[in-house]
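Here is the structure we will look at.
The values are calculated or read from the model by the stated rules, or taken from the named source; none is laboratory data. Owing to the predicted nature of the structure, the values given are computational and were not obtained by experimental measurement. For neighbour counting, all protein chains shown are included, and Cβ atoms are generated from backbone atoms with ideal geometry for every residue, glycine included.
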Amino acid sequence: MGLGDKISNKAQEVTGKAKEALGDATNNEKLQAEGAADQAAAKTKQAGENVKDAAKDVFDK
């Protein structure tokens, strides 16, 4: 996984946490849901990149 991908995924996750927290604070269910969705998408991307990294490590040996 490239450094740019890691940064992008982490930024999306942090943005999602902020949206969810703001939604909680303002009782805005739409914003809460958007935040949770952003976090889930970022974590899914991170998991996919981790699988690619693991496969690369296996085949590089």
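Quick notes on this structure:
- Cβ pairs under 8 Å, 6+ apart, first in the range 47-59 and under 14 Å from D5 (Cα atoms), second surrounded by 11 or more Cβ atoms within 10 Å (Cβ to Cβ) and at pLDDT below 85: E49/M1; N50/M1; K52/M1; D53/M1
- Applying the criterion of being outside any helix (DSSP H, G or I) and more than 10 Å from Q46 (Cβ to Cβ) to the residues of the range 1-29, the residue that is nearest to the chain's Cα centre (by Cα) is G2.
- Some residue of the range 41-58 being modelled with pLDDT of 95 or more, among the charged types (D, E, K, R) and buried (at least 17 other Cβ atoms within 10 Å of the Cβ): no
- Filtering the range 9-29 for residues that are of a type in the set (D, E) and surrounded by fewer than 14 Cβ atoms within 10 Å (Cβ to Cβ) leaves a non-empty set.
- Within the range 5-20, tally of residues that are among the β-branched types (V, I, T) and farther than 12 Å from A37 by Cβ: 2
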